[in-house]
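Report on the structure given below.
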Amino acid sequence: MINHGGPPSRLSGFWACLVGGAAVISLLLVLDPITRYEDCPNYGGNGNVSSFDNPAWDLLFPLVLLGWLALVVVEQTLPVTRRHRGGADIAVRAASAVTLSVLASCCLFLNVATTCH
């Protein structure tokens, strides 16, 4: 039996942000992209090269980040996220989770996408 009468979780509204962020960081650790300009195959030359071993991740990685952001937004619309909270608390939690996800996505993407281009 599920207990719905207790106090709301402190992480309510942040689960997708935190778990998704950990998943994205884990993905980056597995993919091991080039993060230093000096390590690029085109260092000292011209042209664009992927920071990943498989150039398909140049498209897939931004899609993963957009999917993460979409899941964070969807989590904010769920009734369980809003349970036992006031309007201001809901708005602050939603704005914080979305802002944190957008900033992290931009920083992660720009760090990887612009290294060898």
>> Which order do the peptides 34-42, 54-62 come out in when sorted by mean C-beta neighbours inside 10 angstrom, highest first?
In response: 54-62, 34-42
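Over the stretch 46-117, what percent of the accessible surface lies on carbon and sulfur atoms, probe 1.4 Å?
72 percent
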> What net charge is computed for the residues neighbouring residue 115, neighbours being all others with C-beta under 15 Å from the C-beta of residue 115, Lys and Arg scored +1, Asp and Glu -1?
Replying inline: -4
> Simple spin-label model, 7 Å along Cα-to-Cβ: residue 103 to residue 88 in nm?
Replying inline: 2.2 nm
> What are the ³J(HN,Hα) values, in whole Hz, obtained from phi via the Karplus relation 6.51 cos²θ - 1.76 cosθ + 1.60 with θ = phi - 60°, for each residue of the stretch 67-79 in sequence order, with x given for Gly and Pro?
Replying inline: x, 4, 4, 4, 5, 5, 5, 4, 4, 5, 8, 6, x
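Let me spell out the model: positive unit charges on the Cβ of Lys and Arg, negative unit charges on the Cβ of Asp and Glu, origin at the Cα centre of the chain. What dipole size does that give, in debye rounded to 20?
Numbers: 6 positive and 7 negative charges, 149 e Å.
Charge dipole, the chain, about its Cα centre: 720 debye, nearest 20.
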>> So for each of 79-89, 14-24, 93-103 I average, over its residues, the number of other beta carbons within 10 Å; can you give me the resulting order with the highest mean first?
In response: 14-24, 93-103, 79-89
> Local charge sum around residue 90 (other residues, Cβ-Cβ under 13 Å, Lys/Arg +1, Asp/Glu -1)?
Replying inline: +2
> Under a Cβ-Cβ limit of 4.7 Å, which cysteines in the chain have nobody to pair with?
Replying inline: 17, 106, 107
>> Viscosity 1.002 mPa s, temperature 20 °C: what is the translational diffusion coefficient of the chain from Stokes-Einstein with a Kirkwood Rh over Cα pairs, rounded to a whole number of µm²/s?
In response: 133 µm²/s
>> With a 1.4 Å probe and all protein chains left in place, how much accessible area per residue does the chain have, in Å²?
In response: 64 Å²
>> Less than 13 Å Cβ to Cβ from residue 32, Lys/Arg counted +1 and Asp/Glu -1: what total charge do the surrounding residues give?
In response: -1
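The values are calculated or read from the model by the stated rules, or taken from the named source; none is laboratory data. Keep in mind that what you see is a predicted model, and the values were worked out from it rather than measured. All Cβ positions, glycine included, derive from the backbone under ideal geometry; neighbour counts span all protein chains shown. To get the accessible areas, we keep the full protein, side chains included, count just its heavy atoms, and leave off ligands, DNA and RNA. Shrake-Rupley method; radii C 1.70, N 1.55, O 1.52, S 1.80 Å.
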